[in-house]
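Inspection log for the structure reproduced underneath, given as structure tokens.
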């Protein structure tokens, strides 16, 4: 299994190279000239400024040359400098990635817990009222747009009831914790700052719930379907014939088996949310990858766009690997890395 | 004589269909199993034999309406709460499923699944001693290197080994009654013989009453002492194996026997019963077998024959008196061919 993981890890940079190449070409074939955003529209009529800027950002060189230079820099961890923030893209990403990860992990916890619970309940009470309620909840989760549900929960829980704070990662009267992991909930704990921890956690509740709701929808449907499939298997009847009770059947025998197909959905959702949490991040003023990607795209910020693309691609590759490993850990029939014998 | 280990009286199972369209899967089944006895229940698929056994276990879906009486050691099981039934399942009745490939949870080790059966009924037992007993049970069903096998998963077992593991699981709490639902159907012929030998040994050594559900008369012939032949939800013939085989008192039983290959008459053509068993939704009136019966008369189409004593066994046939005994080595097929 270790050899298999090693092989997958070695293959990863090659796959990423493909992602980088496509992202590089696509961003350079956009019709808009990135210089517009670098020097401003008015200066575009000034040939001297344009020439200087072209030379300064290396845009005067040929495309293959730019590509090779970019790759060479990438090997040293240099993702280039953002046109917009004038900061190294790597640094921008390092600040924003933990914010997104913190939000997405929290959302995945919410989505998994509620999704699995609702799925199990729905399967247990198939076609009865709890099933229909769960279906309704799931349907809303996957079809109500986040920009709407986000605003609604902010209005209800923050503005009207005042139970939870408004947008942001930490209370407005608090300072951000010293950077250790970039996860505010962890960094405040490391610093022993209890008030900060409570604030960071409270800030996390609404965006994580809104984002987690979308995950709850897919996960609960998936769990329900595979639970129904598993509950019809003979080993469930065999477990009942042994004298096992309903809860034991549901959780010990059925859920484990039903989680196998669900793992794929969970992995996919996680990878997708790394770059897909844009709307949530925007509404909750969450300084993550998603909102960074949006401003990069709007500002024709090529280095930032490619940087975000690499992060997104890597998220998918790593999550797929983790999903495969999880499969091998849960299902004894999966022999990871074993060559199929024909 | 004391009460039989298992006593089924007038058992009926009806599945609620759409509207008033109820489906009667099993009707008026009487069946006794004595301690240490092997009772064969024979019938084609859909004859209600598995439904009967599921009704005994209380494992039918809630849409099934079960009436009649099932007594285990004199204790009535029909109408017991799910809680009470849970204490009986696996503890006093062991159930062996048809397909060992699907009857074991693929994600749990075989040892875990056996020790689970123990721990479900002995709350105070430690995990460790339950595991030790699981290994002992694997040894009991003649699985080699049981210590290592207990730690393996079902997919690492062969079909015959899995069925042994399923039997070990059913025997975990030393039940007084073992129900084996087609335990050998999914297995190779040589493995079938081994599994039958094992069941026979458990019956003889442990004195368990064994209900063997099968569609194979040959399996019953060698092992069982009593046999019930089921057709379309009813017991059509019942008695001691020797009596039933020597002098079948129901045309259906005779048809089944005629379709068995015989080693001493290798050239005789096997005679199939014409037609197919009816789906329960379209059960014929009167005797359900009458459309396929060579002896059917007008009365058979109207009146359901009751199971009644005739000769040494019981038969549910209006024309049972008109049947002749089978010759010692011949059957009707060879008569018909002569």
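Select from the stretch B:240-253 the residues that are surrounded by fewer than 24 Cβ atoms within 10 Å (Cβ to Cβ) and either modelled with pLDDT of 90 or more or out of contact with any helix residue (DSSP H, G or I) (no Cβ under 7 Å at 6 or more places or on another chain) (or both) and write down the one among them that is farthest from residue B:284 (Cα to Cα).
Taking the candidates together, the pick is B:242.
Output the number of residues of the stretch B:37-51 satisfying the condition of being at pLDDT 90 or above and over 9 Å from the mean Cα position of the chain (by Cα).
So the answer is 3.
Every residue, every condition in (1) within 14 Å of chain B (Cβ to nearest Cβ); (2) crowded, with 22+ Cβ neighbours inside 10 Å; (3) at pLDDT below 90; (4) within 21 Å of the chain's Cα centre (by Cα), yes or no:
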{"site": "A:231", "(1), (2), (3), (4)": "yes, no, no, no"}
{"site": "A:234", "(1), (2), (3), (4)": "yes, no, no, no"}
{"site": "A:238", "(1), (2), (3), (4)": "yes, yes, no, no"}
{"site": "A:242", "(1), (2), (3), (4)": "yes, yes, no, no"}
{"site": "A:247", "(1), (2), (3), (4)": "yes, no, no, no"}
{"site": "A:252", "(1), (2), (3), (4)": "yes, no, no, no"}
{"site": "A:255", "(1), (2), (3), (4)": "yes, no, no, no"}
{"site": "A:262", "(1), (2), (3), (4)": "yes, yes, no, yes"}
{"site": "A:267", "(1), (2), (3), (4)": "no, no, no, yes"}
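Report yes if some residue within the stretch B:59-73 is out of contact with any strand residue (DSSP E or B) (no Cβ under 7 Å at 6 or more places or on another chain), at pLDDT 90 or above and not assigned by TED's automatic domain parsing to the domain that holds residue B:169; otherwise report no.
Yes, the stretch B:59-73 contains a residue that is out of contact with any strand residue (DSSP E or B) (no Cβ under 7 Å at 6 or more places or on another chain), at pLDDT 90 or above and not assigned by TED's automatic domain parsing to the domain that holds residue B:169.
Out of all the residues in the stretch A:221-229, is one or more out of contact with any helix residue (DSSP H, G or I) (no Cβ under 9 Å at 6 or more places or on another chain) and farther than 27 Å from residue A:279 by Cβ?
So far as the stretch A:221-229 goes, no, none of its residues is out of contact with any helix residue (DSSP H, G or I) (no Cβ under 9 Å at 6 or more places or on another chain) and farther than 27 Å from residue A:279 by Cβ.
Have a look at A:322, A:317, A:329 and point out the one that is within 14 Å of chain B (Cβ to nearest Cβ) and modelled with pLDDT of 85 or more.
A:329
Given the criteria buried (at least 17 other Cβ atoms within 10 Å of the Cβ), more than 14 Å from every other protein chain (Cβ to nearest Cβ) and either more than 30 Å from residue B:154 (Cα to Cα) or under 19 Å from the mean Cα position of the chain (by Cα) (or both), does residue A:206 qualify?
yes
Would the stretch B:90-103 turn up any residue that is under 20 Å from residue A:248 (Cα atoms), within 11 Å of chain A (Cβ to nearest Cβ) and surrounded by fewer than 19 Cβ atoms within 10 Å (Cβ to Cβ)?
Yes, the conditions are met somewhere in the stretch B:90-103.
Within the group B:164, B:139, B:148, B:128, which residue is buried (at least 23 other Cβ atoms within 10 Å of the Cβ) and more than 14 Å from chain A (Cβ to nearest Cβ)?
After ruling out the rest, the residue left standing is B:164.
Restricting the stretch B:11-22 to residues that are touching a helix residue (DSSP H, G or I) at 6+ places or on another chain (Cβ under 9 Å) and at pLDDT below 85, which is surrounded by the most Cβ atoms within 10 Å (Cβ to Cβ)?
Per the stated criteria, the residue is B:17.
Quick one: count up the residues across the stretch B:40-61 that are in contact (Cβ under 8 Å) with a residue 12 or more places away in the chain, within 25 Å of residue B:114 (Cβ to Cβ) and buried (at least 17 other Cβ atoms within 10 Å of the Cβ).
5
All but one of (1) more than 14 Å from chain A (Cβ to nearest Cβ); (2) at positive phi; (3) surrounded by 16 or more Cβ atoms within 10 Å (Cβ to Cβ) hold for residue B:207; state the number of the condition that does not hold.
Only one criterion is unmet by residue B:207, namely (3).
From (1) crowded, with 20+ Cβ neighbours inside 10 Å; (2) under 25 Å from residue B:140 (Cα atoms), pick out the condition that doesn't hold for residue B:194.
(1)
Quick check on residue B:134: is it within 21 Å of residue A:245 (Cβ to Cβ) and touching a residue at least 24 places away in the same chain (Cβ under 8 Å)?
Criteria met by residue B:134.
In the stretch B:62-86, how many are within 14 Å of another protein chain (Cβ to nearest Cβ), loosely packed, with under 14 Cβ neighbours inside 10 Å and either in contact with a helix residue (DSSP H, G or I) (Cβ under 9 Å, 6 or more places away or on another chain) or in contact (Cβ under 8 Å) with a residue 24 or more places away in the chain (or both)?
Selection size over the stretch B:62-86: 2.
Just for the stretch B:104-120: of the residues that are over 25 Å from residue B:83 (Cα atoms) and more than 9 Å from chain A (Cβ to nearest Cβ), which one is farthest from the chain's Cα centre (by Cα)?
The qualifying residue farthest from the chain's Cα centre (by Cα) is B:111.
The values are calculated or read from the model by the stated rules, or taken from the named source; none is laboratory data. Please read these numbers as outputs of a predicted model, since none were measured by experiment. When we count neighbours, we look across all protein chains shown, and the Cβ atoms used for this are built from the backbone with ideal geometry, even at glycine.
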